[in-house]
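Written below as structure tokens is the structure these notes are about.
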Amino acid sequence: MYTMENLFHTSWQALTPKQCYRIVFGARMYKGIYAPGRLPMDAEMKVASDYLLDVLRTAALPGKWKMIYTQTSEEQKIDLFHDLPLLKPENAFRQFPVKAIKSLRRNLHLVAPDESMANSTFGQFKFADNEFTRLAYFQQTGDAYKVNEQLNRLVATLYLPSGENFDKSMVSEYADLVEQIVFIWQKALILEAYANTREFVIGRCPTFWPKPEHKEGEASPAVPTGPIWHELHYDLAESEAFKGFDTVENANMYNVFDYLENLAKRKPNANA
């Protein structure tokens, strides 16, 4: 007879990155839907069940998934899910778990960016980061209405019609639709994926984008970054590397940040 230890992997090394992502997504999603004192909607229950089964399939050792699926009740599956050894809140992910935002009635189909926003332009990133830092600002001031508004705008900035470039003139329209059709827990996952991606970019560019120093346990005041990115955009447009505002706008964000990091590293040498 197999015990819990026999059924599941016991280390991240035994899983592929994609499998790890699925487990973490499932944990975050399930926690959001089954928050204390909250009554989930029927549509959310269906999604929760699908995610739950996918997480169990991912975590189970090869050949043991059918045993879990066929020999346990729904309540037992939930108990197994809560006992998984790999569900730790500190495990970050940069893959956007909500793959698309769709509504046939509203003729809407927006798709997620690639993992770590690898296919995103600098123009899209700077707009998204302004929405993100404005959200953080309103969180610190305690304005729940503005926090929700900024979250909708952040999602509307990150998700684009398939094959189309980012268009800031459409953000307000898409944000209104996001408010109507995207669940709170889905928006929370998208927010977390963006925040993790942002940390990844900061870690990739330690010279250009050093982390601010502050006392332990003391949060840094949130400052909207829009004006900073906009000024930098004009500086880049005058550089030999990019030559033009639209060129910078449509350049891959990682090409821009790699250039800025290399430029920042060379600056001290230039003054030597």
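What follows draws every value from the coordinates through simple rules; no lab data is involved. The structure presented is a predicted model; accordingly, all values stated were derived computationally and were not measured. Positions of Cβ are backbone-derived with ideal geometry, glycine not excepted, and every protein chain shown enters the neighbour counts.
What do you get for Rg/Rh of segment 75-154 when both radii come from the Cα atoms and Rh is the Kirkwood radius?
Ratio of gyration radius to Kirkwood radius: 1.08.
Find how much the distance from ARG57 to ILE184 grows on full extension, using 0.36 nm per residue of separation minus their present alpha carbon separation; answer in nm with one decimal.
43.2 nm
Give, rounded to the nearest 20 debye, the magnitude of the charge dipole that segment 100-174 has about its Cα centre when Lys and Arg contribute +1 at Cβ and Asp and Glu contribute -1 at Cβ. Mind dumping the intermediate values first?
Values: 8 positive and 9 negative charges, 47 e Å.
The dipole of segment 100-174 has a size of about 220 debye.
Name the lysines eligible as straight-distance cross-link partners of LYS64: C-alpha to C-alpha under 26 Å, and not fewer than 8 places from it in the same chain.
LYS18, LYS31, LYS46, LYS77, LYS88
How about LYS146: which aspartates and glutamates have a C-alpha closer than 17 Å to its C-alpha, ignoring those fewer than 8 places off in the same chain?
Within the straight-line cut-off, LYS146 pairs with ASP129, GLU131, GLU173, ASP176, GLU179.
Once you keep just the Cα pairs under 8 angstrom separated by 6 or more residues, what percentage relative contact order results for the chain?
Reported relative contact order: 20 percent.
What does the extension gain come out to for GLN139 and ASP83, with contour length at 0.36 nm per residue minus their alpha carbon separation?
Extending this stretch completely gives an extra 16.9 nm.
Of ILE101, PHE132, LEU151, whose Cα points farthest to the positive end of the dipole of segment 96-151 (charges on the beta-carbon: +1 Lys, Arg; -1 Asp, Glu; origin at the Cα centre)?
ILE101
What is the Å³ per residue value for the convex hull set by the Cα atoms of the chain?
180
So if I restrict to the alpha-carbon atoms in segment 4-83, what is the Rg, and what is Dmax, the biggest pairwise distance, in Å?
12.8, 37
Explain nothing, just the number: dipole magnitude of the chain about its Cα centre with +1 on each Lys and Arg Cβ and -1 on each Asp and Glu Cβ, in debye rounded to the nearest 20.
540
Sort the following peptides by mean Cβ neighbour count (other Cβ atoms within 10 Å, averaged over residues), highest first: 249-257, 199-207.
249-257, 199-207
Between TRP209 and GLN71, what FRET efficiency follows from the Cβ-Cβ distance if R0 is 35 Å, with the result rounded to 0.05?
0.10
How far apart, in nanometres, would the label points at LYS64 and GLU199 be if each is projected 7 angstrom from Cα along the Cα-to-Cβ direction?
Taking the simple label geometry, LYS64 and GLU199 are separated by 2.9 nm.
Once Rh is set to the Kirkwood radius over Cα pairs, what Stokes-Einstein translational diffusion coefficient, in µm²/s, holds for segment 113-270 at a temperature of 10 °C and a viscosity of 1.306 mPa s?
95
Seen from all sides and averaged, what is the projected area of the convex hull of the Cα atoms in segment 19-158, in nm²?
Here the figure is 11.1 nm², rounded to one decimal.
Size of the dipole of segment 113-270 about the Cα centre, Lys and Arg at +1 and Asp and Glu at -1 on the beta carbon, nothing else charged, in debye to 20?
Dipole magnitude for segment 113-270 comes out near 380 debye.
Measure nothing but the geometry: give the 0 to 90° angle between the long axis through the Cα atoms of 17-33 and the longest principal axis through the Cα atoms of the chain, rounded to 10°.
Taking Cα atoms only, the helix is inclined about 80 degrees.
For the ranges 140-151, 119-130, what's the packing order if you count other beta-carbon atoms within 10 Å of each residue, average per peptide, and put the highest first? If you can, show how the numbers build up before the last one.
Values: 140-151: 14.5, 119-130: 21.5.
Taking the mean over residues of other Cβ atoms within 10 Å, the ranking is 119-130, 140-151.
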